[in-house]
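Written below as structure tokens is the structure these notes are about.
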Amino acid sequence: MKQLSVFICASLLLFGCNNSEPATESSEVVTQDTETMATEETMATESPDIVALASNTPSLSTLVQALQAADLAGTLQDGGPYTVFAPSNEAFAALPAGTLDNLLKPENKQQLVDILTYHVLEGNVMAADLSNGMMVKTLNGKDLKVMLDGNSVMINNANVTMPNVEASNGVVHVIDKVILPQGN
């Protein structure tokens, strides 16, 4: 009787190990998960975060340098969504002589933070979302004024030269001037 019980248990064990259906289902799930992960990695590669986008855009290298000096790069990489009015290198070069070098000094970090956060809005604001005369609140708590004239968009006194550059955590609008908050 004991030998019969061992035989039945062994037969059930062998039968269970010989069944290939669960293994097939399991490998299909792994394949689907792998495909999903590959698709997500591709999407992340196709749409970089705001700082990566700026870093990969040669005309925004001064902005990236300023973001790093102000310790804001991490915020714009991980947080969001944000809308950034990104001054071009030419916009920074148009500041009075010595202004940028002065702002990049460690002792002027808070002033640089105030200026840079004046260029950032919470949320994903596309050019089509803007209306003439609209006031938008920046991360530093002050307002920017939007002015529309046909297809051109101005933010305070800066022209948007390249609108709607999408990032994984927001949108960038390249502008031709550094916008200074009142008092700076």
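In Å², what does the accessible area per residue of region 42-184 work out to with a 1.4 Å probe?
Numbers: 7210 Å² over 143 residues.
Normalised by residue count, the accessible surface of region 42-184 is 50 Å².
When nucleic acids and ligands are ignored and a 1.4 Å probe is applied, Ser168 ends up with an accessible area of around 80 Å². In order along region 71-83, phi translates into HN-Hα couplings of 6, 9, 4, x, 4, 7, 8, 9, x, x, x, 10, 10 Hz, rounded to whole numbers, per the Karplus curve 6.51 cos²θ - 1.76 cosθ + 1.60 with θ = phi - 60° and x for Gly and Pro.
Here the 3J(HN,Hα) profile of region 157-173, calculated from phi with Karplus coefficients 6.51, -1.76 and 1.60 at θ = phi - 60°, is 9, 9, 8, 7, 9, 9, x, 6, 8, 7, 10, 5, 10, x, 9, 10, 10 Hz, Gly and Pro shown as x.
I want the local charge near Thr75. Using Cβ-Cβ distances under 12 Å, sum +1 for each Lys or Arg and -1 for each Asp or Glu among the other residues. Net local charge, Thr75 excluded: -4. Taking amide H atoms as placed 1.01 Å from N in the peptide plane, the amide H of Ser88 lies under 5 Å from those of Ile175, Lys177, each 5 or more residues away in sequence or on another chain. Accessible surface of region 95-184, 1.4 Å probe: 50 percent of it comes from carbon and sulfur atoms. Backbone geometry of region 130-143 corresponds, through the Karplus equation with coefficients 6.51, -1.76 and 1.60 at θ = phi - 60°, to 3J(HN,Hα) couplings of 8, 10, 4, x, 5, 10, 10, 8, 8, 5, 8, x, 9, 9 Hz, x marking Gly and Pro.
The values are calculated or read from the model by the stated rules, or taken from the named source; none is laboratory data. In this text the structure is predicted, and so the values were computed from the model without any measurement. Quick reminder, even Gly has a Cβ in these numbers, built from the backbone with ideal geometry, and neighbours come from all protein chains shown. Keep in mind that these areas ignore ligands, DNA and RNA; they rest on the heavy atoms of the full protein, side chains included. Shrake-Rupley method; radii C 1.70, N 1.55, O 1.52, S 1.80 Å.
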